[in-house]
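The structure under discussion appears below in the form of structure tokens.
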Amino acid sequence: MRKIAIYGKGGIGKSTVCSNLSAAFALQGLTVMQIGCDPKADSTLHLTDGKPPIPVIEYLRKNTVCNHIGEITKIGFNDVICIESGGPPPGIGCAGRGILSTFEVIEDLGAFETYKPDIVMFDVLGDVVCGGFTTPIRDGWAEEVYIVTSGEKMSLFAAKNIAKALDSLSGRGYARLAGVIGNCRGIPGEKEIIKDFARTTRSEVTGIIPRDNEISFWESQDKTVLEGNRDSEISRAFIDLAGAISRVRVE
């Protein structure tokens, strides 16, 4: 089982990248589980026709306990297994608590043993602000991390902080930085900027997704581009990225 965490600045498109990667892996015949680790609970929105599963923390508020993993999962496009952690109402409580509660439920109810995924994708809010948001890269959850960034200054700033967090946790058996994914925004010289950033983190660019209006078109239809038009050029970019990740050697 490969366990992959996708990190990046809020709004950089990490959920778009994560969902299309999940779709690409599923189209390869793999069993895929995507876990959204964001209080907004919108990671799997475009895998589930705009109707993601009830967030775990919301389910627990209403029911106190979860007795069966199927109560907090939803099967999305091409049988991708979708879970959303969710979080407290804005301004109240700790958002990281949603991730911690979700992982406790996943472990207690044996989600991995039940669904037997080949690949687990963790879509994580990229501004590492507390221990809760580092949970996916600790304690044997994710094994490898990919940072999503564009060539924009604030995106690179957040990506640098994520890389620093990973570096500070290295040597403890936590997840390692496996590569950088470029999600282009049309910045002049953007590909070279992203490659330069990867070099500064002693990593490499795993793939670059070009800017393409087809992504937003299909997302307006609550679909990934791979569901909407898997033969398009932008779908091919995601398929190629999935192939590149598949070739990364996991130590």
With the checklist (1) outside any loop (DSSP other than H, G, I, E, B); (2) open to solvent by 40 Å² or more (accessible area, probe 1.4 Å); (3) not polar (S, T, N, Q) in hand, flag the one item ILE54 doesn't pass.
-> (1)
Would you mind stating whether SER19 is touching a His at 6+ places or on another chain (Cβ under 7 Å), closer than 25 Å to ARG211 by Cβ, touching a residue at least 40 places away in the same chain (Cβ under 8 Å) and of a type in the set (Ser, Thr, Tyr)?
-> yes
Report, by residue number, each residue of segment 40-84 that is acidic (Asp, Glu) and over 19 Å from ALA111 (Cα atoms).
-> ASP42, ASP49
Within segment 76-85, is even one residue among the polar types (S, T, N, Q), at negative phi, touching a strand residue (DSSP E or B) at 6+ places or on another chain (Cβ under 7 Å) and at pLDDT 95 or above?
-> no
Near pairs, Cβ below 6 angstrom, 6+ apart or cross-chain, from segment 196-218 (among the hydroxyl-bearing types (Ser, Thr, Tyr)) to any residue that is open to solvent by less than 30 Å² (accessible area, probe 1.4 Å) and assigned to a strand (DSSP E or B) = SER203/GLY179; SER203/VAL180; THR206/GLY179; THR206/ILE181
Do you know which of the residues in segment 1-36 that are of a type in the set (A, V, I, L, M) and assigned to a loop (DSSP other than H, G, I, E, B) is nearest to the chain's Cα centre (by Cα)?
-> ILE12
For segment 37-50, enumerate the residues that are in contact with a Gly (Cβ under 9 Å, 6 or more places away or on another chain) and part of a loop (DSSP other than H, G, I, E, B).
-> ASP38, PRO39, LYS40, ALA41, ASP42, SER43, THR44, THR48, ASP49
Within segment 104-154, the count of residues that are out of contact with any Pro (no Cβ under 9 Å at 6 or more places or on another chain), at pLDDT 90 or above, closer than 20 Å to ILE81 by Cα and not acidic (Asp, Glu) comes to 12
Of the residues in segment 166-218, those that are in a loop (DSSP other than H, G, I, E, B), under 27 Å from ASP139 (Cα atoms) and either among the small types (Gly, Ala, Ser) or open to solvent by less than 60 Å² (accessible area, probe 1.4 Å) (or both) number 6
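The values are calculated or read from the model by the stated rules, or taken from the named source; none is laboratory data. Worth saying up front: this structure is predicted, and the values here are computed from it rather than measured. Counting neighbours? That spans all protein chains shown, and the Cβs are built from the backbone with ideal geometry, glycine included. Just the protein is used for accessible areas: all its heavy atoms, side chains included, with ligands, DNA and RNA removed. Shrake-Rupley method; radii C 1.70, N 1.55, O 1.52, S 1.80 Å.
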